[in-house]
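S.K.: There's a structure below that I have some questions on.
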Amino acid sequence: MSKKENTYKEDIENQDTKENEREMAEENVEQEVVEPAADELLQQEKDKFLRLFAEFENYKKRTSKERVELFKTANEELMTALLPILDDFDRGLAEIKKVKDKNLLKGMELINTKLRSTLTQKGLTQMNVKQGDDFDAEIHEAITQIPAPSEELKGKIVEVVEQGYKLGDKIIRFPKVIIGQ
């Protein structure tokens, strides 16, 4: 072989080597590009998982809170229906006191006490409203206004017509009052 042919073969081999090196460099670049993309995908999936997990935890908290609220106010309809009966019972007791029959009064007071304690155990509480308290439109229902019997009762509760009741923290019947002008 001549020197020229050897040089030609070396040039071809050098070109092949350079092409191989170039291809390998391109593959390395592609691999480097793929690896960060895989890391990004992994990070995105982790973020999705964390968000989904947090959303599920919030859902569990919300539903358990709603369930507790439902149990607290499940008796609201029944309690609201019993309130007029409690009012009638109070009026009946007031009339029995006028008759002065001690045994009848004692029996009715026992029944009243038992009924009220049972309702209290179920979450019903009577609102403490009395004559002379300041009127608050948020928690009282004004039926009417009358001229105040004294200066100190102006803008205050003169009479409680109907007691108010709460079931837990929720007012289920606002106390009906008469306020002084």
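The values are calculated or read from the model by the stated rules, or taken from the named source; none is laboratory data. Everything numeric in this text was worked out from a predicted model, so none of it was measured. Neighbour counts run over all protein chains shown; Cβ positions are idealised from the backbone, glycine included.
S.K.: May I ask you to verify whether Phe49 is surrounded by 10 or more Cβ atoms within 10 Å (Cβ to Cβ), more than 19 Å from Glu162 (Cα to Cα) and modelled with pLDDT under 90?
M.R.: Judged against the criteria, Phe49 is not a match.
S.K.: Please specify each residue of the stretch 139-181 satisfying the condition of being touching a residue at least 40 places away in the same chain (Cβ under 8 Å) and assigned to a strand (DSSP E or B).
M.R.: Across the stretch 139-181, the qualifying residues are Glu162, Tyr165, Lys166, Leu167, Lys170, Ile171, Ile172, Arg173, Val177, Ile179.
S.K.: Let me ask something else about it. Restricting the search to the stretch 110-156, which residues are in contact with a helix residue (DSSP H, G or I) (Cβ under 8 Å, 6 or more places away or on another chain) and more than 24 Å from Ile96 (Cβ to Cβ)?
M.R.: Selection gives Lys122, Gly123, Gly132.
S.K.: Considering each of Leu70, Leu41 in turn, give the residue that is among the hydrophobic types (A, V, I, L, M, F, W, C) and at pLDDT 85 or above.
M.R.: Leu41
S.K.: Can you find, within the stretch 103-129, the residue that is modelled with the highest pLDDT among those that are more than 18 Å from Leu78 (Cα to Cα) and exposed (fewer than 10 other Cβ atoms within 10 Å of the Cβ)?
M.R.: Asn128
S.K.: Looking at the stretch 70-89, can you tell me whether even one residue there is part of a loop (DSSP other than H, G, I, E, B) and over 21 Å from Leu167 (Cα atoms)?
M.R.: no
S.K.: Moving on. With the structure loaded, tell me whether Thr120 is without any contact (Cβ under 8 Å) to a residue 12 or more places away in the chain, at negative phi and assigned to a helix (DSSP H, G or I) or whether it fails that test.
M.R.: Spelling it out, Thr120 is indeed without any contact (Cβ under 8 Å) to a residue 12 or more places away in the chain, at negative phi and assigned to a helix (DSSP H, G or I).
S.K.: Which of the residues belonging to the stretch 86-102 are surrounded by 10 or more Cβ atoms within 10 Å (Cβ to Cβ) and either touching a helix residue (DSSP H, G or I) at 6+ places or on another chain (Cβ under 9 Å) or not assigned by TED's automatic domain parsing to the domain that holds Gly164 (or both)?
M.R.: Leu86, Phe89, Asp90, Gly92, Leu93, Ile96, Lys97, listed by residue number.
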